[in-house]
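A.B. asks: Got a structure here, written out as structure tokens. Questions coming.
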Protein chains: 2
Amino acid sequence: MATLADVARRAGVSTATVSRIINNSPKPVAEALRERVLAAVAELQFVPNANAQQLARADRTAVGVIVHDVSDPYFAEITRGLQRVATDHGRLVIICNSYRDPERELAYVDLLHAHQTAAIVLAGSGYVDAPITARLDGKLRLYQSTGGRVSVIGRHEHAGDAVVPENEPGGYLAGDALYRLGHTAVGVIAGPRHLTTTTDRLAGLRRAAKEHGHRLGAKQVVYADFDRNGGAAAAATLLEQNPGLTAIAALNDSMAVGALACLRERGIDVPGQVSLIGFDDMPISVDVTPPLSTVRLPLEEIGVRAMSLALRDGDREGPLVEHAAAKLVLRGSTAAPPAR
Amino acid sequence: MATLADVARRAGVSTATVSRIINNSPKPVAEALRERVLAAVAELQFVPNANAQQLARADRTAVGVIVHDVSDPYFAEITRGLQRVATDHGRLVIICNSYRDPERELAYVDLLHAHQTAAIVLAGSGYVDAPITARLDGKLRLYQSTGGRVSVIGRHEHAGDAVVPENEPGGYLAGDALYRLGHTAVGVIAGPRHLTTTTDRLAGLRRAAKEHGHRLGAKQVVYADFDRNGGAAAAATLLEQNPGLTAIAALNDSMAVGALACLRERGIDVPGQVSLIGFDDMPISVDVTPPLSTVRLPLEEIGVRAMSLALRDGDREGPLVEHAAAKLVLRGSTAAPPAR
DNA sequence: ACCCCCTAGGTAAGCGCTTTCCCGGCAGGT
DNA sequence: ACCTGCCGGGAAAGCGCTTACCTAGGGGGT
């Protein structure tokens, strides 16, 4: 592998000169030399070693992103926003999938720290477990103390900036919509128990229930894993446990789509017999039949904002917290409960 | 930031010893010392600088992945496979989105090269433009000559290993299915012209047409961009340009879903009046109404294999090329053309 | 009791680059 | 003609780590 020194030797100059030229540093260099060096660079196909550069410069260029799973549409959309901003700033993005495993997330924070990334964006990280949260927070603070920037998507309970999606209000919106339509027997397909996304959205739903004079019993809430098949299975359980069920709220659209499939399979008309509402407003939600009513979260925008926070040259005027509003989107999967 | 030297000083040992301990090198170290050092590491919250480590060790750990767009379900699924294998091997993955822009792709190859990644996996890179392909190939070869491994998903026209999805045969499968059902007026929603994925799939379709005594005229092929809305627009154009159309083949499922929406909007029954077939078998394809007939490609598996190739400690017994078979999946969106 | 060898730990030379400092030479001012 | 000041370029000291090589003891063998 050609090194800077090789180029210097070839061009008959010092390494300092070569370095200045390839980084076009402010220091002026005679045109003739510059050309000779550039020629040598081309001949030797010199590609500077980024590790050495970073070490010598002590600067940080890449930014790390930790998400649950890029292939999940929810995170895919957030990631798209993150990437766009990073690219605009000329930053390399390192994406890490934690697969919702707190330990892996912890390990990735260390890894990104070790690799001297300029910033870490934590997407969808919100664990109910307090010790985990504390450990995560500790690592993030350490990272910050070495000059790294931290930006979190989700609850603001960590060091660093945050953009928080309004999960609780969103849950309320979904519940309120259902109760307003006249439903009284509603079931909930929740996400994984250990995620605050789940608990927050559920809390909103409970608040709506309470406000309308109802409550969500244990049998009315089934926990799943935020993906389609889990949603289908949960819908089946819900139907079984609650004979008079007229509405289902799924805590994300993937599960809602699964539920829809389950309902269709059993010949249950949506929304004629059972209403269904999702959460997130994934691109697919509009393409299923009936199109899914849901609570929209501006996912890509959330990504954009989170990365912007991570990249701001914040002279520490304290962490910034932004909110991303949830919005009710009524489509064809919700209606009044059947008369009887 | 605490450095190795700080830890050494704190523990009253040399940096060599600390290094040996934190890397638990084979060289034996007295238990007392080890503990003292580990204590110092903990107190100082020492996180080794990965750049310095890589520089000193001259080893390569991370692997780079260049895809068109992780948030596109097609690549999301491939990426999932890639990630899984990389993680199993304890490798950090750097994901780069080229957004189908060859120049960006070129730039990323340089970047990953500079960062001393152990391997580069190029997913979905296949450009029709020869100069581009040549430049890409040049860069990849250079990278390889410095010890990097290259694995490509797509046509095998580059240096390195490859897993090639059977795009042409897949296109044939789709076309053959339609013609066998008795369709004669079929329209095609193609992808971007500059991608070989498009040209290959289209070639398969043309071969099927020819074999059945038909041919695809210029008006029967509309180019779009591989995403939903492009598919919808293309379907509209197709309908307009071909009054007697009874079948549409979309070169991927996203566009097929868009086409489906367009058809529904115009009150055209699928498959009663127009049959529709997609490509890829995305997870959503089963959830639209009617469920989409398509040509399945084992995307996640392709990712798994590509990463396995990239990570094999290939003692250069020449590049390996694997094929991934396309398989016809008939669901509800295809039927015989309406009698008249 | 002596020698040898093995072992635990240290010394220091890099890895490939950046950047500070320094130096030689040239032009311009007096 | 001499001095000053400036400018292009080089020497070399790191950046934070790894590792080949070396050294000082201590234990065992005779």
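A.B. asks: Name the pairs whose Cβ atoms lie under 9 Å apart, with the first residue in the range B:29-58 and more than 14 Å from chain A (Cβ to nearest Cβ) and outside any helix (DSSP H, G or I), the second among the charged types (D, E, K, R) and open to solvent by 50 Å² or more (accessible area, probe 1.4 Å), and 6 or more positions between them or separate chains?
C.D. replies: Taking only residues 6 or more apart or on different chains, the pairs are B:29/B:20.
A.B. asks: How many residues are surrounded by fewer than 20 Cβ atoms within 10 Å (Cβ to Cβ), more than 24 Å from the chain's Cα centre (by Cα) and of a type outside the set (A, V, I, L, M) if we restrict to the range A:317-340?
C.D. replies: 5
A.B. asks: With respect to residue A:201, is the statement that it is open to solvent by less than 60 Å² (accessible area, probe 1.4 Å) and closer than 22 Å to residue A:70 by Cα true?
C.D. replies: Details: open to solvent by less than 60 Å² (accessible area, probe 1.4 Å): yes; closer than 22 Å to residue A:70 by Cα: yes.
Yes.
A.B. asks: Can you name the residue in the range A:11-47 that is more than 12 Å from DNA strand C (Cβ to nearest atom) and among the charged types (D, E, K, R) and is also modelled with the lowest pLDDT among such residues?
C.D. replies: Only one residue fits best here, namely A:31.
A.B. asks: Just one of the numbered conditions (1) aliphatic (A, V, I, L, M); (2) within 12 Å of DNA strand D (Cβ to nearest atom); (3) surrounded by 15 or more Cβ atoms within 10 Å (Cβ to Cβ) is not true of residue A:56; which one?
C.D. replies: (3)
A.B. asks: Can you pull out the residues in the range A:5-19 that are among the small types (Gly, Ala, Ser) and part of a helix (DSSP H, G or I)?
C.D. replies: Quick first cut of the range A:5-19, residues among the small types (Gly, Ala, Ser) only: A:5, A:8, A:11-12, A:14, A:16, A:19.
If the condition is that a residue be among the small types (Gly, Ala, Ser) and part of a helix (DSSP H, G or I), then A:5, A:8, A:11, A:16, A:19 are the ones that fit.
A.B. asks: Continuing with this model, one more query. Which is within 16 Å of DNA strand C (Cβ to nearest atom) and at pLDDT 90 or above, of A:52, A:86? First the steps, then the outcome.
C.D. replies: Numbers: A:86 fails: within 16 Å of DNA strand C (Cβ to nearest atom).
Selected residue: A:52, the only one of A:52, A:86 that is within 16 Å of DNA strand C (Cβ to nearest atom) and at pLDDT 90 or above.
A.B. asks: Filter the range A:1-10 down to the residues that are more than 17 Å from residue A:30 (Cβ to Cβ) and more than 8 Å from DNA strand C (Cβ to nearest atom), then identify the one that is most open to solvent (accessible area, probe 1.4 Å).
C.D. replies: The qualifying residue most open to solvent (accessible area, probe 1.4 Å) is A:9.
A.B. asks: Can you tell me which residue within the range A:100-112, out of those that are without any contact (Cβ under 8 Å) to a residue 12 or more places away in the chain and open to solvent by less than 60 Å² (accessible area, probe 1.4 Å), is farthest from residue A:50 (Cα to Cα)?
C.D. replies: Going residue by residue through the range A:100-112, those that are without any contact (Cβ under 8 Å) to a residue 12 or more places away in the chain are A:101, A:103-104, A:107.
From what's left, open to solvent by less than 60 Å² (accessible area, probe 1.4 Å): A:101, A:107.
Numbers: A:101: 31, A:107: 23 Å.
Out of the qualifying residues, it is A:101.
A.B. asks: From the list A:247, A:233, A:224, A:209, exactly one residue is open to solvent by 30 Å² or more (accessible area, probe 1.4 Å) and of a type in the set (A, V, I, L, M). Which is it? Break it down into steps so the answer makes sense when it comes.
C.D. replies: On the way: A:247 fails: open to solvent by 30 Å² or more (accessible area, probe 1.4 Å); A:224 fails: open to solvent by 30 Å² or more (accessible area, probe 1.4 Å); A:209 fails: open to solvent by 30 Å² or more (accessible area, probe 1.4 Å).
Checking each option against the conditions leaves just A:233.
A.B. asks: Go through the range A:181-195 and count every residue that is in contact with a helix residue (DSSP H, G or I) (Cβ under 9 Å, 6 or more places away or on another chain) and open to solvent by 10 Å² or more (accessible area, probe 1.4 Å).
C.D. replies: 4
A.B. asks: Just give me the residues in the range B:113-147 being among the hydrophobic types (A, V, I, L, M, F, W, C) and touching a residue at least 12 places away in the same chain (Cβ under 8 Å), in sequence order. Steps first, please.
C.D. replies: Applying the first criterion (among the hydrophobic types (A, V, I, L, M, F, W, C)) to the range B:113-147 yields B:114, B:118-123, B:128, B:130, B:132, B:134, B:136, B:140, B:142.
Matches in the range B:113-147: B:118, B:119, B:120, B:121, B:122, B:123, B:128, B:132, B:136, B:140, B:142.
A.B. asks: Considering only residues of the range B:274-308 that are in a helix (DSSP H, G or I) and open to solvent by 10 Å² or more (accessible area, probe 1.4 Å), which is nearest to the other protein chains (Cβ to nearest Cβ)?
C.D. replies: Of the range B:274-308, the ones in a helix (DSSP H, G or I) are B:283-286, B:299-308.
The next check asks that each one be open to solvent by 10 Å² or more (accessible area, probe 1.4 Å); those that pass are B:283-284, B:286, B:300-301, B:304-305, B:308.
Values: B:283: 7, B:284: 5, B:286: 8, B:300: 9, B:301: 14, B:304: 13, B:305: 17, B:308: 18 Å.
Across the range B:274-308, the extreme among qualifying residues is B:284.
A.B. asks: Give the number of residues within the range A:253-269 that are within 14 Å of chain B (Cβ to nearest Cβ) and open to solvent by less than 60 Å² (accessible area, probe 1.4 Å).
C.D. replies: At the first step, the residues of the range A:253-269 found to be within 14 Å of chain B (Cβ to nearest Cβ) are A:253-265, A:269.
Imposing the further condition that a residue be open to solvent by less than 60 Å² (accessible area, probe 1.4 Å) reduces the set to A:253-263.
Residues that pass the stated criteria total 11.
A.B. asks: Residue B:97 fails exactly one of the following numbered conditions: (1) open to solvent by less than 50 Å² (accessible area, probe 1.4 Å); (2) farther than 18 Å from residue B:225 by Cβ. What is the number of that condition?
C.D. replies: It is condition (2) that residue B:97 fails.
Every residue, every condition in (1) out of contact with any strand residue (DSSP E or B) (no Cβ under 9 Å at 6 or more places or on another chain); (2) polar (S, T, N, Q); (3) open to solvent by 50 Å² or more (accessible area, probe 1.4 Å); (4) near DNA strand D (Cβ under 9 Å from one of its atoms), yes or no:
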| position | (1), (2), (3), (4) |
| --- | --- |
| A:15 | yes, yes, yes, yes |
| A:33 | yes, no, no, yes |
| A:40 | yes, no, no, no |
| A:51 | yes, yes, no, yes |
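A.B. asks: Another question, if that's okay. May I ask you to verify whether residue A:63 is more than 8 Å from DNA strand C (Cβ to nearest atom), crowded, with 19+ Cβ neighbours inside 10 Å and at pLDDT 90 or above?
C.D. replies: Taking the combined requirement at face value, the residue satisfies it.
A.B. asks: For the condition assigned by TED's automatic domain parsing to the domain that holds residue B:275 and under 16 Å from residue B:261 (Cα atoms), what is the one hit in B:203, B:190, B:224, B:218?
C.D. replies: Values: B:203 fails: under 16 Å from residue B:261 (Cα atoms); B:190 fails: under 16 Å from residue B:261 (Cα atoms); B:218 fails: under 16 Å from residue B:261 (Cα atoms).
Criteria check complete, one pass: B:224.
A.B. asks: Then there's this: If you take the residues in the range B:113-136 that are over 30 Å from residue A:101 (Cβ atoms) and of a type in the set (Ser, Thr, Tyr), which one is surrounded by the most Cβ atoms within 10 Å (Cβ to Cβ)?
C.D. replies: First pass over the range B:113-136, keeping only residues over 30 Å from residue A:101 (Cβ atoms): B:113-114, B:125-136.
From what is left, the residues that are of a type in the set (Ser, Thr, Tyr) are B:125, B:127, B:133.
Values: B:125: 27, B:127: 20, B:133: 18.
Going through the qualifying residues, I end up with B:125.
The values are calculated or read from the model by the stated rules, or taken from the named source; none is laboratory data. Please read all numbers here as calculations on a predicted model, not as lab measurements. Here Cβ is always computed from backbone atoms with ideal geometry, including for glycine, and neighbour counts include all displayed protein chains. Only protein heavy atoms, including side chains, enter the accessible area calculation; ligands, DNA and RNA are left aside. Shrake-Rupley method; radii C 1.70, N 1.55, O 1.52, S 1.80 Å.
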